[in-house]
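See below for the structure under consideration.
Read-outs: derived from the displayed coordinates by stated rules, not from any lab. Source: prediction; values computed, not measured. No Cβ is skipped: glycine too gets one built from the backbone with ideal geometry, and neighbour counts run over all protein chains shown.
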Amino acid sequence: MRDDWIQFAGAQVPRYTSYPTAVDFNESINEGTVKDWLSGIPAGEALSVYVHIPFCRKLCWYCGCATSVPNGYDRIASYFDVLLKEVDLWADEIGEGVVRNLHFGGGTPNALSPDDFRRLTSHIRARLPVADDVEFSVELDPRVLSDGMVEAMADSGVTRASLGIQTLSLPVQKAINRIQPRAVITRHIASLRRAGIKALNADLMYGLPCQHVEDIEEAARYCAETGINRVSVFGYAHVPWFAKHQRAISENDLPGLAERMRQAEAAARIFEAAGYADIGFDHYALPDDGLAVAARDGRLHRNFQGYTDDPSRYLIGIGQTAISAFPKGYAQGEKGLIEWRNAVLDGKLPIARGIERTGKDEMRAYAIERLLCELKVDLGEVLQRFGYDRHEFDAALARLRQLEEHDLCKVDGLKVSVPATARLLIRNVAAALDPRLVEAAKRHAIAG
């Protein structure tokens, strides 16, 4: 990476899995708002459903997710019973939409027992209008994945599994409190494929404590050699003031910005050499995978899972802290377990916060998504599509021209493009289109 780009790698900018981003959510959105948004779902509209399981058997020190480690299964079982009731609440409001994408995330969905996993999926299929050919994906922690859970997933119609590999380096695994030998992961990959779950994703990370370029190369080669269909390569965000358990990680063990970017570039080289398609700034996919096909066809999108080929405009988030997305805005469930439980048991959708999008928000959301997905955007076409005057992007264009001086983008009139060599820093370019972004300390992950 060019020396003058390192400064941009350290900039704190959003990942833009939504726009406006979650830092702009407020308490103006409530159950009534969401019910009004749900009433507008057209018959036959494609829906996505995300189910949050906020528990892990073991806590990884790098993690910033909303999760906790229960003392035994009783807390999970209690959460599970309320979760079924929340499914019912949403079922009463969805109307005639059709669920075409179902995703279990966390936390660790395989913290559930196999029997409860079956009960949950059966209940969802009974209460929600799930399509017969639904894309059903589940995030997995390989350390606690059992043969019984793989069997339950297959019985329940899971079509895609996402393995949290992160790193294969033992020193790095020790530094993040996540020991999972390569042999364990390899055995689970074979088990999933034997069970008929052949579409596999993997998460890798760079910028972890004690991590070196050779470590990320090892993990990337492993994914390519085992034929993982999709891989995301995320940069570790050290935010110990937000994720308290990250205080167990010494800042002295973290790689500097230049080393972080060398690690990200090393992963890219491995995947590109293995024939994977670059997807945006942090995903890679085999050419025949749906994500790569969507990218080639201009149908790539962004949602809270990152890059996706899911075109649904309605995302229903079920479970503590889960976020729902609608054409008119976003709504997030209660963050506190007690508050979430009480709302559901009172027969209320447990909505705590969110934001309603303005017309200009919708326009900027579209522009940012197209840029992140296609590495280019025609702002003139965007203005015409949404009916706004060209001066709406004057300030953005001024910021973009500053980035153009460093070759991070090219500005040709109202057309903006990012060279492939700068794609790892495309979030900096997207941020130039975001008038909501105020440089407040430490509220977003660094760009690199």
Open item on the list: For the chain, set up a GNM with springs between Cα atoms under 10 Å and report which of 367, 273, 264 has the largest fluctuation.
Closed with: 273
Task: Whole-Hz ³J(HN,Hα) from phi, Karplus 6.51 cos²θ - 1.76 cosθ + 1.60, for the stretch 366-378, glycine and proline x - done: 5, 5, 5, 4, 5, 5, 5, 8, 10, 6, 6, 7, 9
Task: Built amide H within the under 5 Å cut-off of residue 98, gap 5+ - done: 44, 45, 46, 47
Task: Euclidean distance between Cα centres, the stretch 409-426 to the stretch 1-66, Å - done: 25 Å
- [ ] Per residue of the stretch 60-69, in order, report the coupling 6.51 cos²θ - 1.76 cosθ + 1.60 (Karplus, θ = phi - 60°) as ³J(HN,Hα) in whole Hz, putting x for Gly and Pro.
- [x] 8, 6, 7, 6, x, 6, 7, 8, 8, 9
Task: Karplus (6.51, -1.76, 1.60) ³J(HN,Hα), θ = phi - 60°, over the stretch 314-322, in Hz, Gly and Pro reported as x - done: 10, 10, 9, x, 10, x, 3, 6, 4
Task: For the stretch 104-241, diffusion coefficient by Stokes-Einstein and Kirkwood Rh (Cα), 4 °C, 1.567 mPa s, µm²/s - done: 82 µm²/s
Task: Built amide H within the under 5 Å cut-off of residue 409, gap 5+ - done: 404
TODO: Give me the distance between the Cα centres of the stretch 286-311 and the stretch 215-261, rounded to whole Å.
DONE: 23 Å
Open item on the list: Among 4-16, 225-237, 390-402, how do they line up by average Cβ neighbours within 10 Å per residue, starting with the highest?
Closed with: 225-237, 4-16, 390-402
TODO: Report the label-to-label distance for residue 226 and residue 57 in nanometres (one decimal), using points 7 Å from each Cα along the Cα→Cβ vector.
DONE: 1.6 nm
Task: Protection proxy ranking of 285-297, 306-318, 63-75 - average other beta-carbon atoms within 10 Å, highest first - done: 306-318, 285-297, 63-75
Task: Under-5 Å amide H pairs with residue 51, H placed in peptide plane, nonlocal only - done: 103, 104, 105, 318
